[in-house]
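The values are calculated or read from the model by the stated rules, or taken from the named source; none is laboratory data. It should be emphasised that the depicted structure is a prediction, and the values quoted were computed from it without experimental measurement. Cβ sites come from the backbone with ideal geometry, for glycine too, and all protein chains shown count toward neighbours. These area figures cover heavy atoms from the full protein model, side chains too; ligands, DNA and RNA do not enter into them. Shrake-Rupley method; radii C 1.70, N 1.55, O 1.52, S 1.80 Å.
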Amino acid sequence: MNKRVLIEDKLIYFSNAIDTDESKPYFKKLKETIDWEQDEIMMFGKKTKVPRLTSWYADPNVKYSYSGLELLPKQWTSELIELKSLAEKLSTHSFNSVLLNYYRDGADSMGWHSDDEKELGANPIIVSITFGFPRRFLIREKMDYKKKKEIELEDGSLLVMRGDFQETYQHSIPKTKKLVGERLNLTFRKVL
């Protein structure tokens, strides 16, 4: 497993945190057993479907809100508990929830945002694990949108966002017209 520090001590990338022999079964099991939903959010005064499928799993009574959605927790699965343990080991931080995203093709995306909701507290640590087809992860400075970075999140990779990353940067997974395969992404969080 290769470890690279991409932005000071704020963004740390572990390629092959989960090797291919393990990532393929995880992908299959998560795709088939997670309770996927396609929520609607308000954008520019209109209801629109979120451009991906999502699901929220967490400890009992852990609620989370973003983009006007209030998520109620589903019960942890054995696979999610295993992956949470890996996220905790590599980040040296504990988590009580995970937001899962299922990108079905290049039309599914995540717009520019920061994970800076008040429930996450100041300087939250968030760990992102990717399974499936690699996608571009774009980063830009909030004070200067022209200052951008890009990393390709590979199958079995783990990305740690910490320190003031959420305060200083925004990130996104853009749409693409290229032929891309399915991708699952898990973001482990500690909701206060």
(request) Report whether or not Ile7 is of a type outside the set (D, E, K, R), at pLDDT 90 or above and within 16 Å of the chain's Cα centre (by Cα). (result) no
(request) Quickly run through the stretch 97-107 and pick out the residues that are among the small types (Gly, Ala, Ser) and open to solvent by 40 Å² or more (accessible area, probe 1.4 Å). (result) Ala107
(request) Return the pairs, sorted by first residue and then second, in which the second residue is of a type in the set (Gly, Ala, Ser), the first residue lies in the stretch 131-148 and is in contact (Cβ under 8 Å) with a residue 40 or more places away in the chain, the beta carbons are less than 8 Å apart, and the residues are 6+ apart or on different chains. (result) Phe131/Ser23; Phe131/Gly156; Gly132/Gly181; Phe133/Gly181
(request) Report yes if Tyr57 is more than 18 Å from Arg162 (Cα to Cα), crowded, with 16+ Cβ neighbours inside 10 Å and touching a helix residue (DSSP H, G or I) at 6+ places or on another chain (Cβ under 6 Å), otherwise no. (result) yes
(request) Give the residue that is farthest from Tyr64 (Cα to Cα), with candidates limited to residues of the stretch 120-135 that are surrounded by 15 or more Cβ atoms within 10 Å (Cβ to Cβ) and of a type in the set (A, V, I, L, M, F, W, C). (result) Phe133
(message) Checking Glu117 against (1) surrounded by 15 or more Cβ atoms within 10 Å (Cβ to Cβ); (2) touching a residue at least 60 places away in the same chain (Cβ under 8 Å); (3) farther than 26 Å from Gly132 by Cα: exactly one of these is not met. Which one?
(response) (2)
(message) I'd like to verify a number: residues in the stretch 57-79 that are part of a loop (DSSP other than H, G, I, E, B) and closer than 19 Å to Leu186 by Cβ, how many?
(response) 9
(message) Looking at the stretch 152-165, can you tell me whether even one residue there is open to solvent by 10 Å² or more (accessible area, probe 1.4 Å), β-branched (Val, Ile, Thr), in contact (Cβ under 8 Å) with a residue 60 or more places away in the chain and farther than 20 Å from Lys31 by Cα?
(response) no
(request) List the strands (runs of 3 or more DSSP E) that sit entirely inside the stretch 1-45 and contain at least 3 residues that are exposed (fewer than 12 other Cβ atoms within 10 Å of the Cβ). (result) 2-7
(request) State all residues of the stretch 120-130 that are touching a residue at least 60 places away in the same chain (Cβ under 8 Å) and in a loop (DSSP other than H, G, I, E, B); if no residue qualifies, say none. (result) Gly121, Pro124, Ile125
(request) Could you identify the single residue in Tyr26, Tyr64 that is touching a strand residue (DSSP E or B) at 6+ places or on another chain (Cβ under 6 Å) and either among the charged types (D, E, K, R) or modelled with pLDDT of 90 or more (or both)? (result) Tyr26
(request) Return a yes/no flag: does the stretch 88-96 have any residue that is modelled with pLDDT of 95 or more, surrounded by 15 or more Cβ atoms within 10 Å (Cβ to Cβ) and basic (Lys, Arg). (result) no
(request) Go through the stretch 166-192 and count every residue that is open to solvent by 10 Å² or more (accessible area, probe 1.4 Å), closer than 15 Å to Lys10 by Cα and either modelled with pLDDT under 95 or not in a strand (DSSP E or B) (or both). (result) 2
(message) Can you confirm whether Leu71 is at pLDDT below 95 and open to solvent by less than 40 Å² (accessible area, probe 1.4 Å)?
(response) yes
(message) Condition check: surrounded by fewer than 20 Cβ atoms within 10 Å (Cβ to Cβ), in a strand (DSSP E or B) and free of Cβ contacts under 8 Å to residues at least 40 places away in the same chain. Does Glu82 satisfy that?
(response) no
